[in-house]
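The values are calculated or read from the model by the stated rules, or taken from the named source; none is laboratory data. Note that the structure is a prediction, hence the values are computed from the model and not measured. As a convention, Cβ positions derive from the backbone with ideal geometry for all residues, glycine included, and neighbour counts pool all protein chains shown.
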Amino acid sequence: MLCPECQRPMDEGEGAPHICGAHARLHWRCTQCAALRAGFAFAYGRCPKCGGKLEALDTWRGDQAAALDGIRMAFEIELGGRAFYQRAAADSTDAVMRALFGRFALMEGEHMEILARRYHLDIPDPTPDFRIELAAVFADVPSRPRDPDNLFRIAIALEQRAAAFFAERAGFATEGSAEQRLFSELAEEEDEHARTLQLEFERWSAERPGRFSQDASGSTERAEHAAGAATASINAAALLLAGLDAHAPALRCGELTLTRGELREQVARCAGLWQARGIGPGERIAIRLNDSIDWVIAFLGAIWAGAVAVAVNPRILAPEWRYVLDEAGFSLILATSADETPSPWHERVLLLPDWQQQLARALPIEARAMPPDAPALWCHSSGTSGKPKAVVHGHRFAQQIETVSRDGLGLTSSDRLYASSKLFFAYPQTNALFAALKLGACLILDEQWPTAAGVAGLVAAQRPAVLFSVPSLYRSLLHEGLAPGIAASGVRLCVSAGETLPASLREAWQRQTGLAIVSGYGASETMVLVMLDFGDGRGFRPSPGVQVEAVGTSSGELPTRLLIRTPTLALGYLDRPQAQAESFRSGAFCAADLFVANDAGGWRFAGREDSLVKIGGRWVNLVELEEQLGANAPGVIEVAAVCVADADGIDAVAVFYVASDREAAAAALRERCRALPHHQRPRWLHPVDALPRTATGKLVRRRLQELQRGLQP
């Protein structure tokens, strides 16, 4: 069941009053510096600017006010605890303490995930420039910055105070309710954390190994993971670059071409550079660069060295970057500038020119053999429904990464591939870069951010055989009259993924170019395109090597989630146990996307769970509604629909549209709305300059919902 206020899945525990905090915000004033703030919760209820106490300028009203206030205080504790552990881990020079506090930071993040999922809250942004003194004030323990023992004392007191708070909230809750169970579980966990910290403190003081000590290889994972080293047998980067013709072109960027042999040598040198800088197996390296040959060398070099490569959007917004930094604990960040990276990570930034100089002097090393399930890379989910999740892939991904490209799409070693999307996005990273390397094809790189004119120009200059792009870019190429040039430049295959490919867009593309678009469905969690739709009326069918089945029993009429089994399945999420349990089931991936079986044995995409809504007691599929309204409508470029409650709390549909001619578009949409069944008719129609999308091109419906609420009286 979906929440009537925010359309997120509701908790259905018995006796649980439904509490939705999706739009809960208060205004605050700092009692010390008088700064004004707006938000749900701040670490320890303190001002991010000066650390002074915040006082609320308004209050929540209604029956849920007390419950929301309790949830807010819980978030304040968890935010503060996570910030304390992250800062303590980043500042510590002791390996045991760094590993221990890093792990506890992730545990606090797990608690916030539980609260956020249950009460429909986005996890608040981290507090910039957090000071450990704030945690000491909350814990009622003196802060002595140069005393390592003091960090343990603060941490133990933090957990004890948190346990007491959650136990108190459990006592206030209705007997047997889900709220009481939640706070009781959190109290027990915080109490267990306090005992664990006390034991680790005693071990550390006695200089005895603790449960969170580094293993022999330097990994900051638990020491028991070291046992897996005995089965080390592969390295993903080495698999991608193994064999084939060393003289064949592997990468081309502008006028620069790198052969497979040259790329392999540079990757081995980069691994030697990482090793010389003290980066050990399992440590995380962020690559925050524009697409380039340097990007590929640095990324594969990290994997070659046994480290974990993490691609980061070079244009990532500051709050999201801070969130990723807090969660990841990078040992090193390769970037063109350190200005956007706050301390203590600022000091870990290696600037690209310095890296290039060091690479020229570095000595190559052999690829480090790793257990197949050892983490090799992360790719972050696009975050359309909240904070991005780090999806962790093991070295095993490279064993069959080329199967879908070779057997499903028909790619060969003689092909030149080009993806308009950037390499931090799993779709081009997997289906263009990794597949090209494994097959021996050549990948064309572009340092510039994609625009229709830029993509058309690059295709004309470099003449790729295969184009990987997204529907929004294909649509722009059509509307700017650039589509025919794509086929004229020698492209034989167009592939689309990342979001829904409307049938009208596919038909218009074929009319103008003579080329069909193969629509692929995949996810960061599966890497490859696990289903392909060739536009032959049979819908999505499982890709070679992939198994797909409905969750439970599908009638063939109602939308259902799918269980997807693929050899390239991720290991899971970084410390998101609830999300992992929901999405990874019995060795398969279960996405929140919905599909309907068709008579041809394939599947039709029916949107995400939040795009199937009830209006007037009847189901409305927002994805299908968008296609009905926007397909070949005069003046309409694209359409997006969302469900929002009106002033009386009744759900209704709002439609936002981008137009080349607003007057013609408005008339066409009004006419089509009148032809719809009453329960499908939108209540509101709004022209906008552009639809909100993630950096990977996915529509962000929640931002449109927020916009609609702001427009309502």
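Taking the criterion of being within 31 Å of the chain's Cα centre (by Cα) and either modelled with pLDDT of 80 or more or assigned to a helix (DSSP H, G or I) (or both), would at least one residue in region 54-67 satisfy it? The answer is yes, given that some residue of region 54-67 is within 31 Å of the chain's Cα centre (by Cα) and either modelled with pLDDT of 80 or more or assigned to a helix (DSSP H, G or I) (or both). Scanning region 164-181 for residues that are buried (at least 16 other Cβ atoms within 10 Å of the Cβ) and under 15 Å from E76 (Cβ atoms) yields F165, F166, R169. Within region 179-198, none of the residues are part of a loop (DSSP other than H, G, I, E, B) and at pLDDT below 80. Of A654, A645, all but one fail to be surrounded by fewer than 21 Cβ atoms within 10 Å (Cβ to Cβ) and under 30 Å from the mean Cα position of the chain (by Cα); the exception is A645.
Residues in region 30-54 that are crowded, with 17+ Cβ neighbours inside 10 Å and touching a residue at least 24 places away in the same chain (Cβ under 8 Å): C30, F40, A41, F42, A43, Y44, G45, R46, P48, G51, L54.
The set of residues in region 668-701 being among the hydrophobic types (A, V, I, L, M, F, W, C), over 30 Å from A426 (Cα atoms), touching a residue at least 12 places away in the same chain (Cβ under 8 Å) and surrounded by fewer than 19 Cβ atoms within 10 Å (Cβ to Cβ) consists of C673, L676, W684, L685. Within region 277-319, take every residue that is of a type in the set (G, A, S) and part of a helix (DSSP H, G or I) and give me the one that is farthest from P371 (Cα to Cα). The extreme case among them is A318.
Here region 412-425 is the region considered, the condition is being in contact (Cβ under 8 Å) with a residue 60 or more places away in the chain and in contact with a Ser or Thr (Cβ under 7 Å, 6 or more places away or on another chain), and the residue that is surrounded by the most Cβ atoms within 10 Å (Cβ to Cβ) is F425. Consider R604 carefully, then state whether it is out of contact with any Lys or Arg (no Cβ under 9 Å at 6 or more places or on another chain), under 30 Å from I564 (Cα atoms) and touching a residue at least 60 places away in the same chain (Cβ under 8 Å). Spelling it out, R604 is indeed out of contact with any Lys or Arg (no Cβ under 9 Å at 6 or more places or on another chain), under 30 Å from I564 (Cα atoms) and touching a residue at least 60 places away in the same chain (Cβ under 8 Å).
L594 passes every criterion in (1) at pLDDT 90 or above; (2) in a strand (DSSP E or B) apart from (1).
Scanning region 496-548 for residues that are of a type in the set (K, R) and farther than 11 Å from P471 by Cβ gives R511, R538, R541.
Screening the candidates R670, R703, R662, R693 for the property of being modelled with pLDDT of 90 or more, in the same structural domain as G630 (by TED's automatic domain parsing) and under 22 Å from P471 (Cα atoms) yields one hit, R662.
Looking across region 78-125 at every residue that is of a type in the set (D, E) and closer than 26 Å to A24 by Cβ, the one that is surrounded by the fewest Cβ atoms within 10 Å (Cβ to Cβ) is identified as D122. Of the residues making up region 330-350, those that are among the hydroxyl-bearing types (S, T, Y) and touching a strand residue (DSSP E or B) at 6+ places or on another chain (Cβ under 8 Å) are S331, T336, S337, T341. Filtering region 343-366 to residues that are farther than 16 Å from V267 by Cβ and surrounded by 17 or more Cβ atoms within 10 Å (Cβ to Cβ) leaves W345, R348, V349, L350, L352.
Beta carbons closer than 9 Å, at least 6 apart along the sequence or on distinct chains, pair a first residue in region 190-219 that is hydroxyl-bearing (S, T, Y) with a second that is at pLDDT 85 or above and part of a helix (DSSP H, G or I) for T196/E159; S205/F152. Please determine whether any residue of region 98-112 is of a type in the set (F, W, Y), in contact with a helix residue (DSSP H, G or I) (Cβ under 9 Å, 6 or more places away or on another chain) and in a loop (DSSP other than H, G, I, E, B). Within region 98-112, none of the residues are of a type in the set (F, W, Y), in contact with a helix residue (DSSP H, G or I) (Cβ under 9 Å, 6 or more places away or on another chain) and in a loop (DSSP other than H, G, I, E, B).
Would you point out the residue of region 479-504, among those that are at pLDDT below 95 and touching a Phe, Trp or Tyr at 6+ places or on another chain (Cβ under 7 Å), that is surrounded by the most Cβ atoms within 10 Å (Cβ to Cβ)? In this case the residue turns out to be A497. Beta carbons closer than 7 Å, at least 6 apart along the sequence or on distinct chains, never pair a first residue in region 624-643 that is in the same structural domain as H479 (by TED's automatic domain parsing) with a second that is crowded, with 20+ Cβ neighbours inside 10 Å. Of all the listed residues (L558, L562, L629, L569), the sole one being over 25 Å from S381 (Cβ atoms) and modelled with pLDDT of 90 or more is L629. Criterion first (touching a residue at least 40 places away in the same chain (Cβ under 8 Å) and of a type outside the set (G, A, S)) does R118 satisfy it? The answer is yes for R118. Just one of the listed residues (P464, P428) is crowded, with 24+ Cβ neighbours inside 10 Å, assigned by TED's automatic domain parsing to the domain that holds G607, not in a helix (DSSP H, G or I) and not small (G, A, S), and it is P464. If you check R322, R396 for being in a helix (DSSP H, G or I), basic (K, R) and within 30 Å of V642 (Cα to Cα), only one passes: R322.
Considering (1) under 30 Å from R277 (Cβ atoms); (2) among the aliphatic types (A, V, I, L, M); (3) in contact with a helix residue (DSSP H, G or I) (Cβ under 8 Å, 6 or more places away or on another chain); (4) at pLDDT 55 or above, the lone condition that A170 does not fulfil carries the number (1).
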